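All remarks here apply to the structure that follows.
A short reminder: the numbers here are calculations on the coordinates, not readings from a lab. All values derive from a computational prediction rather than experimental measurement. Note that each Cβ is placed from the backbone with ideal geometry, even for glycine, and that neighbours are counted across all protein chains shown.
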């Protein structure tokens, strides 16, 4: 029993697999590390993390569906969502890294 026509794997399947690994795993992991590194400066655009997470993943899922189904018109809708979310993430974490962390003064009682 053959899974694919003529025994050939569709090109869209290979590209979808590549994009799911790179964007789905690597991009989310890198932004997760940046979020952890800038956690002390969370007061700068705290809403941007949710927009970043959902924008990247909704854009990725839509893009993968576009590649697997062959309906390339949807690509024009989902890729800007993913791209703008990534740009927002870069801007947010860049601003957070430029801001020095808040240092709390601790008084030490003398004995």
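Are any of the residues in the range 78-92 in a helix (DSSP H, G or I), out of contact with any strand residue (DSSP E or B) (no Cβ under 7 Å at 6 or more places or on another chain), in contact (Cβ under 8 Å) with a residue 60 or more places away in the chain and farther than 28 Å from residue 17 by Cα? No: the range 78-92 contains no residue that is in a helix (DSSP H, G or I), out of contact with any strand residue (DSSP E or B) (no Cβ under 7 Å at 6 or more places or on another chain), in contact (Cβ under 8 Å) with a residue 60 or more places away in the chain and farther than 28 Å from residue 17 by Cα. If you go through the range 85-103 and keep only what is over 20 Å from residue 55 (Cα atoms) and out of contact with any helix residue (DSSP H, G or I) (no Cβ under 6 Å at 6 or more places or on another chain), you end up with 97, 98, 100, 102, 103. Give the residues of the range 1-32 that are exposed (fewer than 11 other Cβ atoms within 10 Å of the Cβ) and either under 30 Å from residue 94 (Cβ atoms) or touching a residue at least 60 places away in the same chain (Cβ under 8 Å) (or both), sorted by residue number. Hits for the range 1-32 are 21, 25, 26, 29.
The residue that is surrounded by the fewest Cβ atoms within 10 Å (Cβ to Cβ), among those in the range 34-54 that are touching a helix residue (DSSP H, G or I) at 6+ places or on another chain (Cβ under 7 Å) and farther than 13 Å from residue 97 by Cα, is 51.
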